[in-house]
1. Inspect all residues belonging to the range 60-68 and state whether any of them is surrounded by 13 or more Cβ atoms within 10 Å (Cβ to Cβ), within 18 Å of the chain's Cα centre (by Cα) and at pLDDT 95 or above.
2. Can you name the residue in the range 90-127 that is closer than 30 Å to THR59 by Cα and polar (S, T, N, Q) and is also modelled with the highest pLDDT among such residues?
3. Taking VAL76 as meeting all but one of (1) loosely packed, with under 14 Cβ neighbours inside 10 Å; (2) assigned to a helix (DSSP H, G or I); (3) touching a helix residue (DSSP H, G or I) at 6+ places or on another chain (Cβ under 9 Å), write down the number of the exception.
4. In the range 44-87, how many are hydroxyl-bearing (Ser, Thr, Tyr) and touching a residue at least 24 places away in the same chain (Cβ under 8 Å)?
5. Of all residues in the range 81-115, which are closer than 22 Å to PHE65 by Cβ and of a type in the set (A, V, I, L, M)?
6. Checking the structure you have, find out if any residue of the range 37-56 is assigned to a helix (DSSP H, G or I) and of a type in the set (Asp, Glu).
7. Search the range 19-33 for residues being out of contact with any Leu (no Cβ under 9 Å at 6 or more places or on another chain) and among the β-branched types (Val, Ile, Thr), and hand back the single one that is modelled with the highest pLDDT.
Amino acid sequence: MARSFVTPLSRARGKGSAHEGTHHFIAQRATALAAIVLTLFLAVILVMLAGRDYAAARTLIANPFVAAALTATAAVFCWHMKLGMQVIIEDYVHGRILRPALLFANAAFSAAIFLLVVVAIGKIAFS
């Protein structure tokens, strides 16, 4: 067995904390709490729309408060989804090329979903 003259401190340099764990933890919990509140809002909207036609749904979504709340809901859900998948990728993917590629794809996918929802809400609200 070859003997290594590298000290434990040398091995650990550059591999320590990135000082982002606490921020990520708080952001994940904050988006989870916001998602709970916004899910209740979505449930109220769905109950209000039960048994109504398409025109009534468009009228309700065209309300500026409802449209803004639906946009905020999409933002919170997409951000929470991005954060959750980021943790999974960082913990279980270790490839030098694959890991950054998946982190980028995760961010791009979350942003694309958010933009699609915003466009859909805007199309309904402003048409």
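The values are calculated or read from the model by the stated rules, or taken from the named source; none is laboratory data. Keep in mind that what you see is a predicted model, and the values were worked out from it rather than measured. Counting neighbours? That spans all protein chains shown, and the Cβs are built from the backbone with ideal geometry, glycine included.
1. Kept after step one, since they are surrounded by 13 or more Cβ atoms within 10 Å (Cβ to Cβ), are these residues of the range 60-68: 60-62, 66-67.
Still in the list and also within 18 Å of the chain's Cα centre (by Cα): none.
Among the residues of the range 60-68, not one is surrounded by 13 or more Cβ atoms within 10 Å (Cβ to Cβ), within 18 Å of the chain's Cα centre (by Cα) and at pLDDT 95 or above, which makes the answer no.
2. Per the criteria, the residue is SER110.
3. The number of the failed condition is (1).
4. Applying the first criterion (hydroxyl-bearing (Ser, Thr, Tyr)) to the range 44-87 yields 54, 59, 71, 73.
In the following step, the residues that additionally are touching a residue at least 24 places away in the same chain (Cβ under 8 Å) were identified as 71, 73.
Qualifying residue count for the region: 2.
5. Quick first cut of the range 81-115, residues closer than 22 Å to PHE65 by Cβ only: 114-115.
Hit for the range 81-115 is LEU115, nothing else.
6. no
7. Just the residues of the range 19-33 that are out of contact with any Leu (no Cβ under 9 Å at 6 or more places or on another chain), to begin with: 19-23, 25-26, 29-30, 32-33.
From what is left, the residues that are among the β-branched types (Val, Ile, Thr) are 22, 26.
Details: THR22: 87, ILE26: 94.
The selected residue is ILE26.
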